[in-house]
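Here's the structure we're looking at; comments come further down.
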Amino acid sequence: MNILSLFILIPLFTIIAILFTGNMKQTRIVSAVGMGIQLILAGILVYLYLAERNAGNTAAMLFYYDAVWFPTLNIHYTIGVDGISVAMIALTSIVVFAGIFASWMVDYLYREFFISLILLASGVFGFFISLDLFTMFLFYEVAVIPMYLLIGLWGSGPKEYSAMKLTLMLMAGSALLFVAILGIYFYSAPAGSHLTFNLLEIAKNHIPIEMQRFLFPFAFIGFGVLGALFPFHTWSPDGHASAPTAVSMLHAGVLMKLGGYGVFRVAIYLMPEAAHEQAWIFLILTGISVVYGAFGAVVQKDLKYINAYSSVSHCGLVLFAILMMNQTAMNGAVIQMISHGLMTALFFALSA
Amino acid sequence: MVDYTYTLLIPLIPFVFFILIGITGHKMKPIVSGLIGTAGLGIAAILSYITAIRYFWTDHLAETGYKSIKAFEVTWLHLTDKLTINIGALIDPISVMMLIVITTVSLMVHIYSIGYMKGERGYHRFFAFLSLFSFSMLGLVLATNIFQMYIFWELVGVSSFLLIGFYYEKPSAVAASKKAFIVTRFADLGFLIGILILSFNTGTFDFQLLTSPTGPAITMPGGAAFMGMSLLTWSLIFIFMGGAGKSAMFPLHVWLPDAMEGPTPVSALIHAATMVVAGVYLVARLFPVYALGAPDALTVVAWVGGISSLFAAIIACTQTDIKRVLAYSTMSQIGYMMLALGVSGYGGENGLGFMASNFHLFTHAMFKALLFLGAGAIIHAVHSNDMKDMGGLRKYLPITHITFLIACITIAGIPPLAGFWSKDEIMVAAWHHNKILFSIEYLVAGLTAFYMFRLYFSIFWGKATHYHHTPHEAPYVMTIPLMVLAFGAVFAGFLPFHALVTSDGMPFESHLDYSIAIPSVLIALFGIGLATAMYLKSNGLPDKLAGIFGHTYKWAFHKFYMDEVYIFVTKKIIFRFISEPVAWFDRHIVDGFMNLIARTVQNASNLIKDLQSGRLQQYGYVFVTGALALVLIFVYLWN
């Protein structure tokens with residue numbers, strides 16, 4: 001059994017277990033135990049990963065596993081991790097675990113709340129381990145939909161408005177992304193050979209530069225919406241302010257990282273030539289995000305708005321660093337993602 | 001090579017105690033947490049003294065000049081092969097000297113606080129933060145590379161923030177802590193930019209490499225890069241900006257007077273003796289780079305120091321809050337140290353200013369900590385900060401009175417007390433470099449003597465105020481640190497600094513220059529005399545003098561409206577003309593556009609939704625009308 005699959009299975013088992021719980025107390029405990037196991041598992045994964053790397057394994061992705069699940073379109077369940085994914089998984093498991101405790105006092109439809117929260121988490125975990133574009137996209141959607149319910153049902157203030165806005169904007173991003181993914185798919189292999197969704201293979205068979213030019217903006221903006229790229233960030237302040245604590249934590253701490261991670265894994269990794277050509281446009285946009293978010297934050301009166309705008313600024317910085325396309329900046333981006341993930345989650349946990 | 005690895009323990013012990021007190025402190029009896037913290041600092045102090053004795057004397061390093069020794073170093077972050085951040089401990093004359101300063105003052109403050117903070121809520125929190133501060137400050141001075149220094153620099157800023165805001169129920173304390181943090185953080189932005197420029201061009205963070213006369217920084221190709229100054233000069237000016245922020249140099253000094261909202265022992269430790277001299281230490285640490293690579297940057301340091309010392313001394317003459325007087329006095333004295341560094345050259349006798357600066361840092365730490373702790377004892381007895389509420393206290397607080405007087409004499413620069421020796425060296429260094437700066441210093445020396453004795457007479461002499469409760473002398477736990485520090489303030493001047501702490505590690509001869517020392521003592525005596533005439537007995541002289549100076553007095557009393565300028569720039573300009581428009585633009589234009597799209601879609605679907613009514617008759621009508629329309633089109637228009 002591949003250790004990575006456990007990251008999806010444990011949340012699923014936890015969800016099933018929650019269905020059988022009788023009262024609030026049991027629900028909480030089951031959730032906490034499930035996510036606690038997940039946290040331990042993440043620790044083990046970090047350890048195994050480092051051990052493997054120290055042992056000299058230089059493969060691009062470790063713990064690789066591949067299985068076909070829809071042969072007609074050659075869709076696989078392909079998983080594997082590199083250092084960036086491991087870091088993100090560790091971050092996610094910490095934030096989710098803390099999020100369970102931050103929502104200890106939820107009593108309205110508590111079972112559904114925890115199910116949605118954990119479903120969201122499983123989508124995020126799935127996203128980070130997938131190496132198949134389609135599967136990755138699927139997990140992405142799994143992560144977005146519970147968000148609508150979580151904000152719309154358990155939120156505060158203008159929660160329906162915020163939830164709808166957030167979902168619609170992210171869905172619009174997904175639409176762009178879907179175009180990009182299909183475009184990549186159709187040009188994923190030289191004419192005549194078998195088309196593939198596998199990220200590693202696509203990177204090997206270069207996508208023709210004309211197509212890259214066309215598809216890169218779709219992929220970048222598609223993920224950029226999630227990474228609060230100016231001017232597609234306005235879901236973030238409203239969404240964060242209305243969401244319940246744990247959801248804000250998860251959202252700012254982890255979900256916004258999906259954007260940065262996706263930009264790197266899909267847009268830059270698969271279409272490097274176009275990225276080089278078009279980087280300047282997005283550097284301007286992310287640069288605006290950084291400064292604009294910061295200026296926006298200083299005059300806010302609501303703590304959650306301050307934090308949301310500062311997240312816009314920080315995530316802009318992450319995207320900016322990724323666009324630099326060199327090793328140092330990438331390291332910086334990953335460290336920034338982790339530190340931002342932890343500190344924003346903590347901030348939201350405290351400001352609630 | 002002599003092994004100094006154990007110096008690692010000096011910062012680590014306070015850190016361990018911080019964790020210990022921070023986590024378990026609330027379960028202890030308050031006094032226990034205080035004693036534990038003090039014990040931790042005691043061990044660190046003993047280790048520091050051992051290090052100093054070994055380094056300066058018993059290890060016979062003097063014969064070859066005091067070299068810098070890397071006691072310990074590990075790679076902390078390996079980002080790429082080019083960018084690696086290390087953490088370690090560097091032993092050289094200035095870091096050893098700072099170890100002594102920090103651990104001595106910190107230990108005294110710990111002991112003092114056991115008495116001073118008695119009965120306060122959050123007693124253990126206070127000691128935990130003190131330990132955190134000590135850890136950060138010790139880590140800062142032991143830094144082997146500029147990035148480690150930056151990390152600890154920020155940690156020091158955080159501990160300062162936490163301690164200023166210790167009385168967090170008090171809105172003024174909260175505002176002061178916020179202000180201190182934001183102002184210094186803003187200055188640190190310059191520091192970071194400077195580090196980035198410097199390390200990008202030299203490819204290293206390491207102090208030993210940077211300060212080596214043949215290293216990449218000093219031999220960096222010069223030439224005008226931007227606005228007539230080389231890249232190195234710019235980077236050093238930016239780095240100095242960070243130092244100026246922490247050391248409360250004009251115009252980044254506004255946080256220091258407000259920081260007096262913190263408990264008084266904190267002011268003594270952080271805002272008098274240790275953290276505020278971090279800027280001086282920073283320049284001293286990079287001194288070879290400044291002196292050999294970028295003399296222009298050094299000129300900036302000298303002038304900023306000179307202006308700050310004069311500026312602060314003038315304000316100090318008008319303030320009535322005793323802690324604020326001391327705060328401005330600190331700023332003024334640090335200005336002296338900066339100025340001394342700025343006028344110094346590198347190597348041998350040329351490095352007189354460098355030695356003088358560190359010497360003054362050392363003596364200043366003793367007597368300023370003493371002044372603050374004395375002020376704490378007075379506030380403790382009178383329950384007020386304002387010198388208007390004081391007077392005639394010499395009868396009630398004999399020990400505080402004597403020690404305070406010693407501190408006042410030494411800061412005024414009267415021989416043979418410590419302050420005289422260090423200040424005299426600074427005067428000599430300035431005399432050889434720049435006569436204008438030298439004259440400023442003479443003036444400041446007079447002002448210093450005046451405002452210190454104004455403070456002294458207003459507190460201990462003058463009219464005997466009627467007190468609600470008879471003021472009591474503080475307990476021994478508070479007066480013993482005063483006596484220890486007073487001992488330091490008297491005798492620290494006899495340390496042979498010119499043989500120990502020099503710019504290139506080589507000892508040189510230094511002697512008293514009577515033509516400079518005698519006038520400076522006379523000026524100080526004149527200042528003291530004026531203060532005696534005005535404040536020994538309450539009379540109308542102060543008001544009359546204030547009347548003569550008129551506007552100058554008013555401006556000085558209002559601290560030259562620096563706070564107002566800052567408030568104006570931030571609130572009235574940045575907030576109003578940038579941030580608020582941005583926030584408005586975001587809510588109304590960007591978000592408005594998104595809402596507009598949503599509304600357009602909604603309206604469009606509202607328009608056509610009636611077509612899907614589900615009524616068969618309507619569908620029939622539409623169907624028949626459509627069919628007829630098509631028939632008509634085909635029959636008449638198509639042909």
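The values are calculated or read from the model by the stated rules, or taken from the named source; none is laboratory data. Small disclaimer: the values here were computed from a predicted structure and weren't measured. Every residue, glycine as well, gets a Cβ built from its backbone with ideal geometry; the counts of neighbours run over all protein chains shown.
Within region B:528-580, being within 29 Å of the chain's Cα centre (by Cα) and aromatic (Phe, Trp, Tyr) holds for B:Tyr553, B:Trp555, B:Phe557, B:Phe560, B:Tyr561, B:Tyr566, B:Phe568, B:Phe575. Step by step: first the residues of region A:1-26, then only those that are aliphatic (A, V, I, L, M) and within 21 Å of the chain's Cα centre (by Cα), then the one that is farthest from A:Phe128 (Cα to Cα). Which residue is that? By that ranking, first place goes to A:Ile15. Looking at region B:198-315, the helices (runs of 4 or more DSSP H) lying wholly inside it that each contain 1 or more residues that are of a type in the set (S, T, N, Q) and touching a residue at least 24 places away in the same chain (Cβ under 8 Å) sit at B:207-211, B:231-246, B:264-268.
With respect to B:Leu132, determine if the residue is without any contact (Cβ under 8 Å) to a residue 60 or more places away in the chain, assigned to a helix (DSSP H, G or I) and of a type in the set (A, V, I, L, M, F, W, C). Considered against the rule, which asks whether it is without any contact (Cβ under 8 Å) to a residue 60 or more places away in the chain, assigned to a helix (DSSP H, G or I) and of a type in the set (A, V, I, L, M, F, W, C), B:Leu132 comes out as no. Mind checking whether some residue in region A:54-76 is at pLDDT 85 or above and assigned to a helix (DSSP H, G or I)? Within region A:54-76 (the criterion being at pLDDT 85 or above and assigned to a helix (DSSP H, G or I)), the answer is yes, since at least one residue qualifies. For A:Gly262, the test of being crowded, with 18+ Cβ neighbours inside 10 Å and within 12 Å of chain B (Cβ to nearest Cβ) is failed. Residue count for region A:325-346 satisfying the condition of being touching a residue at least 40 places away in the same chain (Cβ under 8 Å) and within 13 Å of chain B (Cβ to nearest Cβ): 4. Restricting attention to region A:312-335, does a residue exist that is crowded, with 18+ Cβ neighbours inside 10 Å, under 15 Å from A:Ser236 (Cα atoms) and of a type in the set (Phe, Trp, Tyr)? No, every residue in region A:312-335 fails to be crowded, with 18+ Cβ neighbours inside 10 Å, under 15 Å from A:Ser236 (Cα atoms) and of a type in the set (Phe, Trp, Tyr). Checked against the criterion of being free of Cβ contacts under 8 Å to residues at least 12 places away in the same chain and small (Gly, Ala, Ser), region B:496-515 has at least one qualifying residue. Condition test on B:Phe560, is it free of Cβ contacts under 8 Å to residues at least 40 places away in the same chain and either assigned to a helix (DSSP H, G or I) or at the interface with chain A (Cβ under 9 Å from one of its Cβ atoms) (or both)? No, not satisfied. Contact annotation: residue pairs with Cβ atoms under 8 Å, 6 or more positions apart or on different chains, pairing a residue in region A:79-92 that is without any contact (Cβ under 8 Å) to a residue 24 or more places away in the chain and charged (D, E, K, R) with a partner that is surrounded by fewer than 21 Cβ atoms within 10 Å (Cβ to Cβ) and outside any strand (DSSP E or B), are A:Asp82/A:Ala60; A:Asp82/A:Met61. Screening B:Arg185 against (1) closer than 27 Å to B:Leu90 by Cα; (2) without any contact (Cβ under 8 Å) to a residue 12 or more places away in the chain leaves a single unmet condition, (2).
Residue-level analysis places B:Phe457 outside the set of residues that are surrounded by 24 or more Cβ atoms within 10 Å (Cβ to Cβ), assigned to a helix (DSSP H, G or I) and not aliphatic (A, V, I, L, M). Only one of the numbered conditions (1) more than 26 Å from A:Val86 (Cβ to Cβ); (2) within 14 Å of chain B (Cβ to nearest Cβ) is violated by A:Ala279, and that is (2). The residues of region B:334-368 that are under 17 Å from B:Phe508 (Cα atoms), in contact with a Leu (Cβ under 7 Å, 6 or more places away or on another chain) and not hydrophobic (A, V, I, L, M, F, W, C), listed by number, are B:Ser344, B:Tyr346, B:Gly353, B:Ser357. From the list B:Ala381, B:Ala340, the lone residue that is surrounded by fewer than 23 Cβ atoms within 10 Å (Cβ to Cβ) and touching a His at 6+ places or on another chain (Cβ under 8 Å) is B:Ala381. The residues of region A:1-26 that are touching a residue at least 24 places away in the same chain (Cβ under 8 Å) and over 19 Å from A:Gly123 (Cα atoms), listed by number, are A:Thr21, A:Met24. Among the candidates B:Ile46, B:Ile102, the residue that is part of a helix (DSSP H, G or I), within 28 Å of the chain's Cα centre (by Cα) and surrounded by 15 or more Cβ atoms within 10 Å (Cβ to Cβ) is uniquely B:Ile102. Could we say that B:Glu120 is in contact with a strand residue (DSSP E or B) (Cβ under 8 Å, 6 or more places away or on another chain) and over 21 Å from B:Ser247 (Cβ atoms) here? In short, no. Of these, A:Ala274, A:Ala308, A:Ala294, A:Ala267, which one is on the phi < 0 side of the Ramachandran plot, surrounded by 21 or more Cβ atoms within 10 Å (Cβ to Cβ) and within 14 Å of chain B (Cβ to nearest Cβ)? It is A:Ala308.
Taking region B:607-623 as the range and being in contact with a helix residue (DSSP H, G or I) (Cβ under 9 Å, 6 or more places away or on another chain) and surrounded by 10 or more Cβ atoms within 10 Å (Cβ to Cβ) as the test, only B:Ser613 passes.
The one condition from (1) modelled with pLDDT of 85 or more; (2) within 28 Å of A:Val266 (Cβ to Cβ); (3) under 20 Å from the mean Cα position of the chain (by Cα) that A:Leu50 does not meet is (3). Is it the case that region B:390-409 has a residue that's modelled with pLDDT of 85 or more, closer than 28 Å to B:Leu99 by Cβ and assigned to a loop (DSSP other than H, G, I, E, B)? Within region B:390-409 (the criterion being modelled with pLDDT of 85 or more, closer than 28 Å to B:Leu99 by Cβ and assigned to a loop (DSSP other than H, G, I, E, B)), the answer is no, since none of the residues qualifies. When B:Phe147, B:Phe152 are screened for being in contact (Cβ under 8 Å) with a residue 24 or more places away in the chain, of a type outside the set (S, T, N, Q), assigned to a helix (DSSP H, G or I) and closer than 30 Å to B:Thr202 by Cα, only B:Phe147 passes. Every condition in (1) under 39 Å from the mean Cα position of the chain (by Cα); (2) free of Cβ contacts under 8 Å to residues at least 40 places away in the same chain is met by B:Gly592 except one, and the failing one is (1).
Of the residues making up region B:9-43, those that are assigned to a helix (DSSP H, G or I), free of Cβ contacts under 8 Å to residues at least 60 places away in the same chain and more than 26 Å from B:Ala71 (Cα to Cα) number 5.
Filter region A:27-43 for residues that are surrounded by fewer than 21 Cβ atoms within 10 Å (Cβ to Cβ), of a type in the set (A, V, I, L, M) and within 21 Å of the chain's Cα centre (by Cα); which is farthest from A:Gly123 (Cα to Cα)? Result: A:Ile40. For residues that are loosely packed, with under 14 Cβ neighbours inside 10 Å and either touching a residue at least 40 places away in the same chain (Cβ under 8 Å) or among the aliphatic types (A, V, I, L, M) (or both), scanning just region B:74-89, find the one that is farthest from the other protein chains (Cβ to nearest Cβ). Within region B:74-89, the match that is farthest from the other protein chains (Cβ to nearest Cβ) is B:Val74.
Which one of these is crowded, with 16+ Cβ neighbours inside 10 Å and either within 14 Å of another protein chain (Cβ to nearest Cβ) or outside any helix (DSSP H, G or I) (or both): B:Gly527, B:Gly505? Spell out the reasoning first.
Numbers: B:Gly527 fails: either within 14 Å of another protein chain (Cβ to nearest Cβ) or outside any helix (DSSP H, G or I) (or both).
Just one listed residue meets the conditions, B:Gly505.
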